[in-house]
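Below is one structure, written out as structure tokens, with a few remarks after it.
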Amino acid sequence: MWKETDNQLYRKFVFNNFIDAFAFMTKVAILAEKANHHPTWKNTWSTVEVWLSTHDAGNTITEKDLELSKAIDAL
């Protein structure tokens, strides 16, 4: 589940291995590019952490973030 913290949506995803984590990141990258809305994220081996906020709206959560989080969940 996504957590709202510091005016951002945050979620940690844990996969079986680095390849699965990287494949997930690739899918998210495609979604983000299509939406022209890019996450802040971190990858360490099988873990991907994602933060969503809208930078041009003052680094706060907007509908863009909610939509992208739902699209990510649907992967």
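Only residues that are touching a helix residue (DSSP H, G or I) at 6+ places or on another chain (Cβ under 9 Å) and more than 13 Å from Asp65 (Cβ to Cβ): list them for the range 5-23, please. Show your work before the answer.
Taking the range 5-23 and keeping what is touching a helix residue (DSSP H, G or I) at 6+ places or on another chain (Cβ under 9 Å), we get 8-9, 11, 13-15.
Passing the criteria: Phe13, Val14, Phe15.
Inside the range 40-75, can you point out the residues that are at positive phi and at pLDDT 95 or above?
Taking the range 40-75 and keeping what is at positive phi, we get 45, 58-59.
Scanning the range 40-75 gives a single hit, Trp45.
Tell me whether the range 52-68 contains one or more residues that are of a type outside the set (A, V, I, L, M), touching a residue at least 40 places away in the same chain (Cβ under 8 Å) and closer than 25 Å to Asn17 by Cβ.
No, there is no match, as no residue in the range 52-68 is of a type outside the set (A, V, I, L, M), touching a residue at least 40 places away in the same chain (Cβ under 8 Å) and closer than 25 Å to Asn17 by Cβ.
Go through the range 49-58 and give me each residue that's under 21 Å from Ala29 (Cβ atoms) and part of a loop (DSSP other than H, G, I, E, B).
Let us first name the residues in the range 49-58 that are under 21 Å from Ala29 (Cβ atoms), namely 49-56.
Hit for the range 49-58 is Ser53, nothing else.
Within the range 40-51, can you find the residues that are in contact (Cβ under 8 Å) with a residue 24 or more places away in the chain, among the hydrophobic types (A, V, I, L, M, F, W, C) and within 17 Å of Leu66 (Cα to Cα)?
Those that are in contact (Cβ under 8 Å) with a residue 24 or more places away in the chain, among the hydrophobic types (A, V, I, L, M, F, W, C) and within 17 Å of Leu66 (Cα to Cα): Val50, Trp51.
Report the residue count in the range 40-75 for those that are of a type in the set (Phe, Trp, Tyr) and exposed (fewer than 12 other Cβ atoms within 10 Å of the Cβ). If you could, list the steps in order and put the result at the bottom.
The first filter runs over the range 40-75 and keeps only residues of a type in the set (Phe, Trp, Tyr), leaving 41, 45, 51.
The next check asks that each one be exposed (fewer than 12 other Cβ atoms within 10 Å of the Cβ); those that pass are 45.
Adding up the residues that qualify gives 1.
It is to be established whether one or more residues within the range 26-39 are modelled with pLDDT of 95 or more and in a strand (DSSP E or B). Step through it out loud before you land on a result.
In the first step, residues of the range 26-39 are kept if they are modelled with pLDDT of 95 or more; the result is 26-39.
Then drop every residue that is not in a strand (DSSP E or B), which leaves none.
Checked against the condition, which is being modelled with pLDDT of 95 or more and in a strand (DSSP E or B), the range 26-39 yields no hits at all.
If we keep just the residues of the range 1-39 that are free of Cβ contacts under 8 Å to residues at least 12 places away in the same chain and among the polar types (S, T, N, Q), which is surrounded by the fewest Cβ atoms within 10 Å (Cβ to Cβ)? Steps first, answer last, please.
Restricting attention to the range 1-39, the residues satisfying the condition of being free of Cβ contacts under 8 Å to residues at least 12 places away in the same chain are 1, 3, 5-6, 19, 23, 26, 29-30, 33-34, 36, 38.
Next, only the ones that are among the polar types (S, T, N, Q) stay: 5, 26, 36.
Working: Thr5: 9, Thr26: 9, Asn36: 7.
In this case the residue turns out to be Asn36.
The values are calculated or read from the model by the stated rules, or taken from the named source; none is laboratory data. On a predicted model such as this, the values are computed, not experimentally measured, just so you know. Using ideal geometry, Cβ is built from the backbone for each residue, glycine included, and neighbour counts are taken over all protein chains shown.
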